[in-house]
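Enquirer: Let me begin by handing over the structure; questions about it come next.
What follows draws every value from the coordinates through simple rules; no lab data is involved. Keep in mind that this is a model prediction, so the values were computed, not measured. Neighbour counts run over all protein chains shown; Cβ positions are idealised from the backbone, glycine included.
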Ligand code: 6CS
């Protein structure tokens, strides 16, 4: 559906002009919409939740599930207004809107957020996560992981509420990408944070940081050669229409974080905080399965709608990428400092231990 792309860009521009002004500096806003007054909460109250993805996406499924649960748990006292991508702004702008209290809840993907919080750049590194889906699922759901990141988010006036896995990153281009040499000079689109480019610089590519809404047209006009995203996104954003090949290398999962404005969260009356925490816990339990189903059904749709080639790398081919990817870890540690290094090492330890517990080895099932 190519006609949607220019519309998204125009909508973004219009919404941003209205919401945050063209060039004026951001004003810190008082967090509101807790519904509190001197006599207690004045219900119903509305919370605004901004997404980095369009309707039908993993983030949209997540938001709808959260909406259903929060409205039910609170007996209708909380109403959740969901803003899919295209209605408010780019990922970086959504983070600003969360920090200044214009939206209460938002998704913030590490590939965009790492310019603000370098520590989250760990999720843009390749071959850190396990090949075992259970290991990754447990890691991302663990309180220990949330704890590691809670201070870096808090320092930027955000409360980290959870990590959401959205599926393996798949490379698209007009050729198969079987070895690091295939990336030599390749203009691959990356998310906008500097650190997001490093993983591809390690393969010799020429990374091009570009906002999500611009990727389709840049591929179509051949201003870039390729991009990386989970299957569901490649389908719904139409990238498969303008690329010849999808390469499955399982270098990293697309991980998003769910955040709120920190002052707003801390000022919530106890019962509202409890409702939110309960609803988040419930959604976290089902989103892993939902994203896996969505990625599977969208791959079917892509293959039905197009003649795109699917290339799955062998373990030997993946091994060459793994080796080439390691230099990006040094750049990550340079930028994210001691705390970043500690996060990377703790994650690697947690993964190795869980792999041992599950299988007695470090080999994966590829899911
Ligand atoms: O590639 C991106 O920029 C986007 N990809 C996904 C799957 N979600 C949001 C993010 O901004």
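Enquirer: Can you confirm whether region 277-292 contains a residue that is more than 14 Å from the ligand (Cβ to nearest atom), in contact with a helix residue (DSSP H, G or I) (Cβ under 8 Å, 6 or more places away or on another chain) and in a loop (DSSP other than H, G, I, E, B)?
Expert: No.
Enquirer: If you go through region 241-276, how many residues are within 16 Å of the ligand (Cβ to nearest atom) and out of contact with any strand residue (DSSP E or B) (no Cβ under 7 Å at 6 or more places or on another chain)?
Expert: Of the residues in that region, 3 qualify.
Enquirer: Please work out which residue is nearest to the ligand (Cβ to nearest atom), limiting yourself to region 49-68 and to residues that are surrounded by fewer than 20 Cβ atoms within 10 Å (Cβ to Cβ) and touching a residue at least 40 places away in the same chain (Cβ under 8 Å). Walk me through it before giving the result.
Expert: Applying the first criterion (surrounded by fewer than 20 Cβ atoms within 10 Å (Cβ to Cβ)) to region 49-68 yields 54-56, 60, 64-65, 67-68.
This time we only want the ones that are touching a residue at least 40 places away in the same chain (Cβ under 8 Å), so: 54, 56, 65.
On the way: 54: 9, 56: 12, 65: 17 Å.
Only one residue tops the list, namely 54.
Enquirer: Which residue pairs have Cβ atoms closer than 7 Å, lie 6 or more positions apart in sequence or on different chains, and pair a first residue in region 185-197 that is in contact (Cβ under 8 Å) with a residue 12 or more places away in the chain and within 12 Å of residue 109 (Cβ to Cβ) with a second residue that is near the ligand (Cβ under 10 Å from one of its atoms) and assigned to a strand (DSSP E or B)?
Expert: Once the first residue is in contact (Cβ under 8 Å) with a residue 12 or more places away in the chain and within 12 Å of residue 109 (Cβ to Cβ) and sits in region 185-197, its partners that are near the ligand (Cβ under 10 Å from one of its atoms) and assigned to a strand (DSSP E or B) give 190/209; 191/209; 192/209; 196/190; 196/209.
Enquirer: Something else about it: Scanning region 218-240 for residues that are within 11 Å of the ligand (Cβ to nearest atom) and outside any helix (DSSP H, G or I), which turns out farthest from residue 290 (Cα to Cα)?
Expert: Step by step, filter region 218-240, then rank; the result is 227.
Enquirer: Kindly establish whether residue 332 is in contact with a helix residue (DSSP H, G or I) (Cβ under 6 Å, 6 or more places away or on another chain) and within 16 Å of the ligand (Cβ to nearest atom).
Expert: Numbers: in contact with a helix residue (DSSP H, G or I) (Cβ under 6 Å, 6 or more places away or on another chain): yes; within 16 Å of the ligand (Cβ to nearest atom): no.
So residue 332 does not fit the description; no.
Enquirer: Inside region 70-91, can you point out the residues that are within 16 Å of the ligand (Cβ to nearest atom) and in contact with a strand residue (DSSP E or B) (Cβ under 9 Å, 6 or more places away or on another chain)? Spell out the reasoning first.
Expert: Initial filter on region 70-91 (within 16 Å of the ligand (Cβ to nearest atom)): 82-91.
Within region 70-91, 82, 83, 84, 85, 87, 88, 89, 91 meet the criteria.
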